[in-house]
Every structure is written in C-alpha cells, then in structure tokens.
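Written out below as structure tokens is the structure these notes cover.
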Amino acid sequence: MTPNPKAGYGWAALVTALWAFSGVLIKSCPLDALTISGGRGGLALVIVLLVATATRQRWSPRNCLQWPILLAGVTGGASCLAFVLSLSHIPIGLSIVLVYGANQFMPWVERLVTGRKVTRADKVTVGLVVLGLAVIGAQFHSDRDIVGSLWALACGVLYVFAIALRALRPNLEVEVQVSMYAWTLGLSLPHFLLSWDPRILTWEAAWPLLGNGLTHGLVLFAMVRALRHLSATTATFVTTLEIVVSPALAFAVLGEVPSTLTVVGGMIVLGAIVYNYGASRRQQ
C-alpha cells in the first residue's frame, strides 16, 4: 500500500476525538478504576473480534505470541490501566497533560525500535508541544498528587513503547489489537471478579462503560490505520491535539468554559502540529 499522509492525519484526528470522548465517559462512570479498565478492555476485545470477522480479516492467535506483539500487548494494556488509575487521583486535565508530556519521547523510542531518524522538525515540534503542555499544566499546581501523576506518566511511556513495537509487525494489525485488549482485560480481571460491583448492572454505570468499550475498540482500529500512512512519531504528535479537543468537547457538551491557560497552551500545541505538518509536506 502506498502511504497517503492525508488519510493518516485523518485517522489520527479520529483517534484524538475518540480519546477525548473516552476520558469524559470514564469520569462519568461511578465504578472504580480497575473495574472500568477491565470492563472496557473486555468490551473493546469483543468489538475488535466482531469487526475482524465482519470484514473477513485473517488473523491467528499464535501470532499474538510473537515477541513484538506480546510486548506491544503488555505495554498497551498496562498503559490503558495506568490512565484509568491516574484519574482516581488527579483531574483529567492534569492526567492528559502528563500523558502527552511523556509521549514526547516517541521520536527517540521509535529510533531505538525501528531506526527512524529523529528530524529537526521532530525536535522543534517536541519543544513547542512541551511548552504548550507546561502552560496548561501550570493551572494544576494545587492538584498535584504524586501517585496519580506517576500513573499518568507511566501511561504515556508505556503507550509510546506499545505503538513503536507495533511497527515491527505492520502486517499483524488484528493481532496487535487483540493482544492489547486481552492484556487490558487480563490485568484487571482478578479485581473485576473478586470485587464484583453490582452497580455495573445499573444504567448509571452501564452506559458510560459500554460507550467506553466502543470508543476504546475504535481508537486502536483508527490508530492502526493511521500508522499505515504515518510514522509512529507523527501519529503521536497529531493525537496530542486531544489537549485542544477535550476542552472544546467539555465546553460544547457540558458548558465548561476553558481557562485562559488552557486556551493559550492549546494554541501553542495546535501551532506545533501545524508546523510539523508543514515540515513533513516540504520533505515529501
């Protein structure tokens, strides 16, 4: 397949929107973090298998045991769990800032894993994104919780390795998705079973959990397609736009007015992505 950068940016933008919506749903669910993580992982796994069956995509469970797929699954599943755990301690805005801050190691991790060269445009983009995140993060000075912050940073680092490892087996897309969601479910399953929460059967908990499972299943589906056309580094830069999309979604749906720092930081991040897009177009 000939890479189509425009299609890649479109799929990565969809990932951004789905992540933002997923975060809102997590906050709307009254269940504990481990139950949410296990529930959405299990639902996302079912969705991936249904889509693979409906589209007649061939895959083999045995391929999930190949070391890049296995490690991508473990790190991806742990990343999903870490994000949900971080939201038990810190505001979603701070968690997203820390996650995407950790994501900025992607150019160097991708070089380590695949050998891709880190370009000047990558370095400039990272610098601008970190500046924008720092501006947004300044408003959370009174909400810093070391445990929640560490979970958010762990989420970002683990996600970077999961996406970079996926590039080593580009033709095993279904296996990557199955592995990640199976591990997301597996890491939370003991708690899910031993600490059964009957509220999971109530509409108050069921609708955000079902919605989260659906969006979570579609997120990796869209990301896999973005990576057909973009490097892991570029796709990660684009998904950083969640910093812009989340406040806009909260304003549109919940009527929450974003702070001045959120707007200023978001504009810096948006400018960084526009710059990176222009630089990539010039290199083609």
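Just so it is clear, none of the values below were taken in a lab; they were calculated from the coordinates. Values in this document were obtained by computation on a predicted structure and should not be read as measured data. With ideal geometry, Cβ positions are generated from the backbone for all residues, glycine too; neighbour counts draw on all protein chains shown.
Dipole check for the chain: with +1 at the C-beta of Lys and Arg, -1 at the C-beta of Asp and Glu, and the Cα centre as origin, the magnitude is about 1160 Debye. Distance between the pseudo-spin-label points of N171 and L210 (7 Å out from Cα toward the beta carbon): 4.0 nm.
If you run the Gaussian network model on the chain, springs between alpha carbon atoms under 10 Å, then out of A20, A272, A134 the most flexible one is A134.
Considering only R40, R225, R56, the mean-square fluctuation computed in a Gaussian network model of the chain, springs between alpha carbons under 10 angstrom, is largest for R56. Here the Karplus relation 6.51 cos²θ - 1.76 cosθ + 1.60, evaluated at θ = phi - 60°, turns the backbone of region 96-109 into coupling constants of 5, 4, 5, 4, 6, x, 5, 4, 6, 7, 3, x, 7, 5 Hz, with x for every Gly and Pro. Residues within the reach of a label modelled at R120 (point 7 angstrom out along Cα to beta-carbon, backbone nitrogen below 20 Å), restricted to region 229-249, are 234. In order along region 14-22, the phi-based Karplus estimate (6.51 cos²θ - 1.76 cosθ + 1.60, θ = phi - 60°) of 3J(HN,Hα) comes to 5, 4, 4, 5, 5, 4, 4, 5, 4 Hz; Gly and Pro are listed as x. Note on the chain: helix-only mean residue ellipticity at 222 nm, from DSSP H runs of 4+ residues weighted -39500 (n - 2.57) and normalised by residue number, equals -26000 deg cm²/dmol. Starting from the Cα of A134, move 7 Å in the Cα-to-Cβ direction to define the label point; list residues of region 235-274 whose amide nitrogen is under 18 Å from there. Counting only backbone N, you get 261-273.
Positive contributions from Lys and Arg (+1) and negative ones from Asp and Glu (-1), summed over other residues with Cβ under 15 Å from the Cβ of P198, come out at -2.
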